[in-house]
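For reference, the structure discussed in these notes is given below.
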Amino acid sequence: MAEDSAETPRGDLAYRTMAMPADTNPNGDIFGGWIMGLMDLAGGMSARQVAQGRAVTASVGHLNFLHPVKVGDAVCCYTKLLRQGRTSFTFAIETWVVRGGYGKRFKVTAAEFTFVAVDAAGRPRPLQPLPALDAAP
C-alpha cells in the first residue's frame, strides 16, 4: 500500500456513508468490492449530471487501494471530470475516510471511471455541451 501526500480531496463530494460490520472481509477490513461499488455509485450520480440523463459505467482503470477502511469510518467519495468525448466521459474518483467518523481524513482509494451516455434503448448517444462553470443561471 502506497502513502499519499495529498491533503485534500480532488473534486466534489458525491457520496458519503459509514462503513458497517456487514461490509467486512474475513480479515475484518472493509471489503474492497464494497468500496468500488460506492465509487461506482458516486460516479453514477455525477455522470447523470454530465450526461443530462442516463449513463452507464463502461470501464474502471487505475484502481488503487492505498489504506484499509475500518468499521465505523465515514467513507466519502469525490468525483472530478477529467475528460469528455462525443458519447463518453471520465471521472477521477477518490475515496477518503474520516477514521471513526471524527478523526483524521485521508485518501484510501483512487481510480478513473469512464461512463457512456445512453438512450432509452441503451445505445450510446451524443453528449450535450456542458454549460460554462462561471455562467450565471
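Taking the Cβ of each residue in TYR15, TYR78, TYR102 as the centre, tally the other Cβ atoms inside 10 Å and list the residues starting with the fewest.
Fewest-to-most Cβ neighbours within 10 Å comes out as TYR102, TYR15, TYR78.
Below 14 angstrom from the Cβ of ARG99, what's the summed charge of the other residues (Lys, Arg +1; Asp, Glu -1)?
Every neighbour counted, the sum reads +2.
With a point put 7 Å past each Cα toward its Cβ, work out how far HIS62 is from ARG83 in nm, to one decimal.
If labels sit at HIS62 and ARG83, their model points lie 1.0 nm apart.
Quick one: compute the contact order of the chain, relative version, from alpha carbon pairs under 8 angstrom and 6+ residues apart, as a percent.
Reported relative contact order: 28 percent.
Against the empirical 2.2 N^0.38 Å scaling, what ratio does the C-alpha Rg of the chain come to?
This ratio for the chain stands at 1.12.
If the reach is capped at under 19 angstrom between alpha carbons, list the lysines near LYS80, excluding any in the same chain fewer than eight residues apart.
Answer for LYS80, where 19 Å is the Cα cut-off: LYS107, listed by chain and number.
Can you put ARG123, ARG99 in order of Cβ neighbours within 10 angstrom, beginning with the fewest?
ARG123, ARG99
Note the angle between two axes, namely the Cα long axis of helix 32-51 and the longest principal axis of the Cα atoms of the chain, as a number of degrees from 0 to 90, rounded to the nearest 10.
Once rounded, the angle reads 30 degrees.
Counting Lys and Arg as +1 and Asp and Glu as -1, each charge on the Cβ, what is the dipole of the stretch 12-117 about the Cα centre in debye, to the nearest 20?
280
Where a number appears in this text, it was derived from the coordinates with a stated rule and is not lab data. All values derive from a computational prediction rather than experimental measurement. Positions of Cβ are backbone-derived with ideal geometry, glycine not excepted, and every protein chain shown enters the neighbour counts.
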